[in-house]
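The values are calculated or read from the model by the stated rules, or taken from the named source; none is laboratory data. Remember, it's a predicted structure, so these values are computed and weren't measured experimentally. Because the Cβ atoms are built from the backbone with ideal geometry, glycine has one as well, and the counts that use them run over all protein chains shown. Remember, those area values only see protein heavy atoms, side chains included, never the ligands or the DNA or RNA. Shrake-Rupley method; radii C 1.70, N 1.55, O 1.52, S 1.80 Å.
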Amino acid sequence: KMIGRNNPLNIRTSAHYNWDGQEGATRGFCNFAGVEKCRRAGAYLLMRSYRRAGVKSVAQVIKRWAPAVENNTNAYISFVCKRTGFKPDTELVFISDFAAVLAAMEIFEQGVVNSARDGYYFTAKASYEYIIEFYHIKAV
């Protein structure tokens, strides 16, 4: 789990990105100066990089984020859909859509998927909405 490295989304290092607030890496995963820096990177990936590549639905996002070769992608999609109320083919359009999916992904990535995490989910979702607005991250 990467929460101790301020990386609750488990964002991997990449030669394509030098994230604001990234402070090195551990076993191929980014270390961030704070959770908000990880959330900003995650929002950017989903709203800009993924959309430019034609990745727009919940299922497409999860399949790219967590490929089946190393994850139980179907369980991941099912969890995110149950948590957000979206269907797998729901296209992410609004800031609240991206924020909801990112918050659910954060919980799944940390392996704590029980209902006791409701407060965490809503707090994370609000944080993502704020970060997306504050940094003017636009879906393309």
Fill in the blank from the handout: The condition of being farther than 24 Å from TYR17 by Cα and touching a residue at least 60 places away in the same chain (Cβ under 8 Å) holds, among GLY42, GLY111, only for GLY111
Practice task
Output yes when any residue across segment 49-61 is out of contact with any His (no Cβ under 7 Å at 6 or more places or on another chain), under 18 Å from PRO8 (Cα atoms) and at pLDDT 95 or above, and no when none is.
Solution key: yes
Practice task
Restrict the check to segment 61-70 and report whether at least one residue is over 22 Å from LEU92 (Cβ atoms) and not aromatic (Phe, Trp, Tyr).
Solution key: yes
Problem - Out of ALA100, ALA139, sole residue that is open to solvent by less than 10 Å² (accessible area, probe 1.4 Å) and under 15 Å from the mean Cα position of the chain (by Cα) - result: ALA100
Practice task
Report whether or not ILE62 is more than 20 Å from GLU133 (Cβ to Cβ), in contact with a helix residue (DSSP H, G or I) (Cβ under 9 Å, 6 or more places away or on another chain) and without any contact (Cβ under 8 Å) to a residue 24 or more places away in the chain.
Solution key: no
Practice task
Taking the options PHE98, PHE86, name whichever one is at pLDDT 90 or above, more than 18 Å from ILE11 (Cα to Cα) and of a type in the set (Phe, Trp, Tyr).
Solution key: PHE86
Exercise for the section: Go through segment 2-31 and give me each residue that's within 18 Å of ILE62 (Cα to Cα) and open to solvent by 80 Å² or more (accessible area, probe 1.4 Å). Expected result: ARG12
Practice task
For ARG39, state whether it is under 13 Å from the mean Cα position of the chain (by Cα) and open to solvent by 80 Å² or more (accessible area, probe 1.4 Å).
Solution key: no
Exercise for the section: Sort through VAL80, VAL58 and tell me the only one that's in contact with a Cys (Cβ under 7 Å, 6 or more places away or on another chain), of a type in the set (Val, Ile, Thr) and buried (at least 20 other Cβ atoms within 10 Å of the Cβ). Expected result: VAL58
Practice task
Test GLY34 against the criterion of being in contact with a Gly (Cβ under 7 Å, 6 or more places away or on another chain), surrounded by fewer than 14 Cβ atoms within 10 Å (Cβ to Cβ) and closer than 24 Å to LYS138 by Cβ, and give yes or no.
Solution key: yes
